[in-house]
Amino acid sequence: MEEREGEVRWDGLCSRDTAARDAALDTIGQAVLRRAESIASGAAADGQHDSLEGYISGSKYQPLGGQRLLGLVLQELGIRIPRPLGHGPSRFIPEKETIQVGKEDTTMHTLFAESFATLGRLDNVTLVMVFHPQYLESFLKTQHYLLQMDGPLPLHYRHYIGIMAAARHQCSYLVNLHVNDFLHVGGDPKWLNGLENAPQKLQNLGELNKMLAHRPWLITKEHIEQLLKTEENSWSLAELIHAVVLLTHYHSLASFTFGCGISPEIDCEGGHTFRPPSVSNYCICDITNGYHGVDEIHASPAGSIPVSASLNKSVCEVEALMEKMKQLQECRDEEEASQEEMATRFEREKRESMFVCSSEDEESAATRDVSRHFEDTSYGYKDFSRHGMHVPTFRVQDYSWEDHGYSLVNRLYPDVGQLLDEKFHIAYNLTYNTMAMHKDVDTSMLRRAIWNYIHCMFGIRYDDYDYGEINQLLDRSFKVYIKTVVCTPEKTTKRMYDSFWRQFEHSEKVHVNLLLVEARMQAELLYALRAITRYMT
């Protein structure tokens, strides 16, 4: 905790030691009081009080207490108080249906404390991801290792690479967080004026960044060679592995951020307003108590489907999906398709996936322009099965994470391969054996279809999987959502989120997003690591 030239540092609050946190909070409280007293003294035109205590005791608000008093005093002193623009951590999930801070169980509380100690804040990604504590624990551990533990890259490089990756999808939420972290660890503010102001070494990473984010199937060993053999601006293999993992991590996290409609926190750009509410009986003290007032009553977004009109249809959809799963299992038991037929079904699904696109005209969440953090702004996702363009199918049997990628990462960046492997497995195998209102359901077939459909969109094929199951289990609205979140997450809308699995719990839709995040990250890693392996051999 440090105070200098009017600046108050909050670092001590991130200590894992309770006594250190208490001391830091006390120091911050004293700094706030000193600042408030100086404002109160300046505002005391009648000269009857010369301190905050005198101001309060002599004011009409003296009978009030706690946050109500503080809010009203600050208002009278002319201090603007921000209020949140949104309600809760997600634009897609009603606040009352998220995990409420202060009402979490012991496991979740431990994760909240770990997140705060690691990130310096309890961010909205954590508050949505905590629907699945086992995954969140693995995610936080991995992210902490990538950003803060010993590794090939200096700390400010790590955050700048995070900015570069998030900016490819115009994810200003993640960009803003890492701009602050970049500066906090001593990064040069000039780099934030644009990628051309960063060191040439980081500029050279721009080509790999854009291909990983949008067209990873185009990465070759020649791209790797260019990065490793550029004289004084060259990357070492270990540095490049660290950079690749960071890029894929933040591309995928951008997908989660848009896919779950993550809102910026109140202290972030786009997360607050100083405008007073329009309702006449809305009191400033409600803001300081965290109550959002009448706005919450009207928080139901436009375009949501009335429950009475959709309930029966949604229940039928769940029953129909479960029946399809049962029939497919029976077909598996009766006969197995030939390898030729399996290959044909994969090519058909890969080809059809390029025609899956949204007809939405609804605007996605507004974000500020972050294009200065990357080059070639026109470069984006394109289906690789376009006419006149052919990319060979990536067969997992020839290069897989388990047999090849894992060992390469672990060799060049120790322990990270293990952390990623654990995270992949948790996301893939996570189940509560429920589907909407049904319990004791084996969801493995559905989870595998989602994972393999994402990899299919990237040209990645599993020889032992029947891709005919995908069309049986994933309807068009679900495919549109998956493809948008994975390939062009910045275009995700609430209508897309609401349109699939309408009778499922929000926690189940967040679970879907965990599958999308990890399947996408693994797909990007497979293409990059295969190119690195080919360069090394």
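Each residue in the stretch 457-480 was checked for being in contact with a helix residue (DSSP H, G or I) (Cβ under 9 Å, 6 or more places away or on another chain) and within 24 Å of residue 498 (Cα to Cα), and 12 pass.
Could you please give the count of residues in the stretch 12-29 that are part of a helix (DSSP H, G or I) and surrounded by 11 or more Cβ atoms within 10 Å (Cβ to Cβ)? Qualifying residue count for the region: 12. Looking at the stretch 477-503, which of its residues are touching a residue at least 60 places away in the same chain (Cβ under 8 Å) and among the hydrophobic types (A, V, I, L, M, F, W, C)? Residues satisfying the conditions are 480, 485, 486, 487, 496, 501.
Entry remark, the stretch 504-537: residues being buried (at least 19 other Cβ atoms within 10 Å of the Cβ) and either within 20 Å of residue 257 (Cβ to Cβ) or of a type in the set (S, T, N, Q) (or both) number 17 in total. Checking every residue in the stretch 265-279 against the condition of being at pLDDT 90 or above and not assigned by the TED database to the domain that holds residue 483 gives zero matches.
Within the stretch 420-437, how many residues are without any contact (Cβ under 8 Å) to a residue 60 or more places away in the chain and not charged (D, E, K, R)?
Let us first name the residues in the stretch 420-437 that are without any contact (Cβ under 8 Å) to a residue 60 or more places away in the chain, namely 421, 425, 429, 431-433.
From what is left, the residues that are not charged (D, E, K, R) are 425, 429, 431-433.
Counting residues in the stretch 420-437 that are without any contact (Cβ under 8 Å) to a residue 60 or more places away in the chain and not charged (D, E, K, R) gives 5.
All of (1) open to solvent by 10 Å² or more (accessible area, probe 1.4 Å); (2) charged (D, E, K, R); (3) closer than 22 Å to residue 529 by Cβ hold for residue 232 with one exception: (3). Applying a threshold of 6 Å to beta carbon distances and a minimum spacing of six or more residues, or different chains, the list of pairs starting in the stretch 442-463 at a residue that is free of Cβ contacts under 8 Å to residues at least 40 places away in the same chain and ending at one that is among the β-branched types (Val, Ile, Thr) reads 443/431; 449/470.
Here residue 157 passes the criteria (1) part of a helix (DSSP H, G or I); (2) at pLDDT below 95; (3) surrounded by 16 or more Cβ atoms within 10 Å (Cβ to Cβ); (4) not acidic (Asp, Glu) except the one numbered (2). Quick test of your reading of the structure: residue 163 fulfils all but one of (1) surrounded by fewer than 23 Cβ atoms within 10 Å (Cβ to Cβ); (2) within 17 Å of the chain's Cα centre (by Cα); (3) not in a loop (DSSP other than H, G, I, E, B). Name the failing condition by number. Condition (1) is where residue 163 drops out. All of (1) in a helix (DSSP H, G or I); (2) crowded, with 19+ Cβ neighbours inside 10 Å; (3) of a type outside the set (Asp, Glu) hold for residue 86 with one exception: (1).
State yes or no: is residue 467 in contact with a Cys (Cβ under 7 Å, 6 or more places away or on another chain) and crowded, with 21+ Cβ neighbours inside 10 Å? Before the answer, list the steps.
Numbers: in contact with a Cys (Cβ under 7 Å, 6 or more places away or on another chain): yes; crowded, with 21+ Cβ neighbours inside 10 Å: yes.
Considered against the rule, which asks whether it is in contact with a Cys (Cβ under 7 Å, 6 or more places away or on another chain) and crowded, with 21+ Cβ neighbours inside 10 Å, residue 467 comes out as yes.
Just one residue in the set 187, 162, 194 is out of contact with any Leu (no Cβ under 8 Å at 6 or more places or on another chain) and either among the β-branched types (Val, Ile, Thr) or modelled with pLDDT of 95 or more (or both); that residue is 187.
The values are calculated or read from the model by the stated rules, or taken from the named source; none is laboratory data. None of these values were measured; they are calculated from a predicted model. Glycine also receives a Cβ, built like all others from the backbone with ideal geometry; neighbour counts cover every protein chain displayed. All accessible areas refer to the heavy atoms of the entire protein, side chains included, with ligands and DNA or RNA removed. Shrake-Rupley method; radii C 1.70, N 1.55, O 1.52, S 1.80 Å.
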